[in-house]
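Engineer: Right, I'll just put the structure down here and ask away after.
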Amino acid sequence: MQRPSHVPADRVVDIDIYLPPGLEAQGFHRAWSALSADNPAVVWTPRNEGHWIALGGEALQEVQSDPERFSSRVIVLPKSVGEMHGLIPTTIDPPEHRPYRQLLNAHLNPGAIRGLSESIRQTAIDLIDSFAHKGHCNFTADYAEQFPIRVFMALVGIDAAEAPKIRHWAECMTRPGMDMTFDEAKAVFFDYVGPLVDARRENPGEDMISAMLHADLGEGRTLSRDEALSIVTQVLIAGLDTVVNVLGFIMRELAENPALRADLKQRGSDIAPVVHELFRRFGLVSIAREVRHDIADFHGVALKAGDMIAIPTQVHGLDPRVNPDPLAIDPARKRARHSTFGSGPHMCPGQELARKEVAITVEEWLKRIPEFALGEGSDLSPVPGIVGALRRVELVWTP
């Protein structure tokens, strides 16, 4: 795309946010940290129909925290694809999004997640015990693609056997080059969710979806069928991808970092500071916002109404201007700032569940497999898309 007249020539970069420079050679997080360190806080790329990118952590947090200036109406790039997204509550701005967000918060708040702790822990134990005696596993397939999905599918009351096809549809909406276009995958999602919504509305169960369908949104109103299709689809997309991928990055790090393993083992169950640091280090979602109105000066550039600005959320935690030596994992790091779970009104409602899943995984794994290494069969090649990922993490140990 040709550079618009309001874009300074010195802010133009050649960055595809789904396959950024350095990804193959440096890996996902090192590539993004280098881009943040080597560029101005806000740049413009002709890729994906042309858009701004917030490469400075402070600028990124401003964008995602300020719905008055930056709208969530379109959150996927390129904009022509994002216009088709329209799922709630992620593409609705305050105050309209609040009732929908409250539906999610009611089932994903810290109290609700504490009530799930024992069943989450038992799921982790069962999976680890199933292969601990073997001395090796394909962590991606044998654990990461099983554990958070089993937990989540139980939460929404759907048979875990349905997860692979649902996750495939989600990947078609978040990764380029899949076998369905974005709008085709969304249509398939809605076709699947429709009968599910109708059945749960007629005969509610004890699951999160049933509860959302019957919740009072105010003045006795409940979700319309169209609203239900949209919010349930969004919940399924969000629930079946991000924790799967962050677990891969974290376990690869633990396999290659004996000092971190030793620190975690001596902490026992007191690992909250380490979990916070791991989420700072391994953010992985690249989304976007639409500029609401002309902004004369945003970190040295003029933004025009309708411009798109990408917010690769991993950049905030990896910006050396925000967190010194950002690639180092330091459990004693003070006041580490990051946007792995976003910020502002659209901060991830599932963050408590994600933290709990990672903490339990680390605790139970190290109890059973205290020493392990990365296996030769691992495939750490880049996976392009909205969510960063490692293709296959294999681990080996002495049983």
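Engineer: Looking at (1) in a helix (DSSP H, G or I); (2) more than 30 Å from Ile15 (Cα to Cα); (3) open to solvent by 30 Å² or more (accessible area, probe 1.4 Å); (4) of a type outside the set (A, V, I, L, M), which one does Trp365 not meet, given that it meets all the others?
Structural biologist: That leaves (3) as the condition not met.
Engineer: Which of the following residues is open to solvent by 30 Å² or more (accessible area, probe 1.4 Å), in a strand (DSSP E or B), charged (D, E, K, R) and free of Cβ contacts under 8 Å to residues at least 60 places away in the same chain: Asp330, Asp297, Asp325, Asp270?
Structural biologist: Asp297
Engineer: Give the residues of the range 379-399 that are assigned to a loop (DSSP other than H, G, I, E, B), at pLDDT 95 or above and touching a Lys or Arg at 6+ places or on another chain (Cβ under 6 Å), sorted by residue number.
Structural biologist: Within the range 379-399, Val393 is the sole residue that qualifies.
Engineer: Would you be able to tell me the number of residues in the range 131-173 that are within 17 Å of the chain's Cα centre (by Cα) and small (Gly, Ala, Ser)?
Structural biologist: Counting residues in the range 131-173 that are within 17 Å of the chain's Cα centre (by Cα) and small (Gly, Ala, Ser) gives 2.
Engineer: Something else now. When you scan the range 48-67, do you find a residue that is under 30 Å from Ser210 (Cα atoms), open to solvent by less than 10 Å² (accessible area, probe 1.4 Å) and touching a residue at least 24 places away in the same chain (Cβ under 8 Å), even just one?
Structural biologist: no
Engineer: Have a look at Glu96, Glu49, Glu62 and point out the one that is more than 21 Å from Pro176 (Cα to Cα), of a type in the set (D, E, K, R) and part of a loop (DSSP other than H, G, I, E, B).
Structural biologist: Just one listed residue meets the conditions, Glu96.
Engineer: Looking at the range 209-222, which of the residues that are touching a residue at least 40 places away in the same chain (Cβ under 8 Å) and either among the hydroxyl-bearing types (Ser, Thr, Tyr) or in a loop (DSSP other than H, G, I, E, B) (or both) is nearest to His346 (Cα to Cα)?
Structural biologist: Taking the candidates together, the pick is Leu217.
Engineer: Given the options Ile88, Ile75, Ile92, Ile113, name the one that is farther than 24 Å from Cys172 by Cβ and of a type in the set (Val, Ile, Thr).
Structural biologist: Residue meeting the stated conditions: Ile113.
Engineer: Scan the range 173-196 and give yes if some residue there is within 25 Å of Asn105 (Cα to Cα) and part of a loop (DSSP other than H, G, I, E, B), otherwise no.
Structural biologist: no
Engineer: Pick out the one residue from Glu206, Glu253 that is touching a residue at least 60 places away in the same chain (Cβ under 8 Å) and either of a type in the set (Asp, Glu) or open to solvent by 40 Å² or more (accessible area, probe 1.4 Å) (or both).
Structural biologist: Glu253 is the lone residue from the list that is touching a residue at least 60 places away in the same chain (Cβ under 8 Å) and either of a type in the set (Asp, Glu) or open to solvent by 40 Å² or more (accessible area, probe 1.4 Å) (or both).
Engineer: Could you please find all residues in the range 68-89 being open to solvent by less than 40 Å² (accessible area, probe 1.4 Å), of a type outside the set (A, V, I, L, M, F, W, C) and in a loop (DSSP other than H, G, I, E, B)?
Structural biologist: Within the range 68-89, Ser72, Pro78, His85, Pro89 meet the criteria.
Engineer: Checking Ala144 against (1) within 18 Å of Phe249 (Cα to Cα); (2) out of contact with any Gly (no Cβ under 6 Å at 6 or more places or on another chain), which test does it fail?
Structural biologist: Of the numbered conditions (1) within 18 Å of Phe249 (Cα to Cα); (2) out of contact with any Gly (no Cβ under 6 Å at 6 or more places or on another chain), the odd one out for Ala144 is (2).
Engineer: Follow-up. Within the range 11-58, track down each residue that is of a type in the set (Gly, Ala, Ser) and either closer than 24 Å to Ile329 by Cβ or in contact with a Pro (Cβ under 9 Å, 6 or more places away or on another chain) (or both).
Structural biologist: Scanning the range 11-58 gives Gly22, Ala25, Gly27, Ala31, Ser33, Ala34, Ser36, Ala37, Gly50, Ala54, Gly56, Gly57.
The values are calculated or read from the model by the stated rules, or taken from the named source; none is laboratory data. These numbers were taken from a predicted model, which means no experiment stands behind them. Don't worry about glycine lacking a Cβ; one is built from the backbone with ideal geometry, like all the others, and counts go over all protein chains shown. Just so you know, the surface numbers come from the protein's heavy atoms only, side chains and all, with ligands and any DNA or RNA stripped out. Shrake-Rupley method; radii C 1.70, N 1.55, O 1.52, S 1.80 Å.
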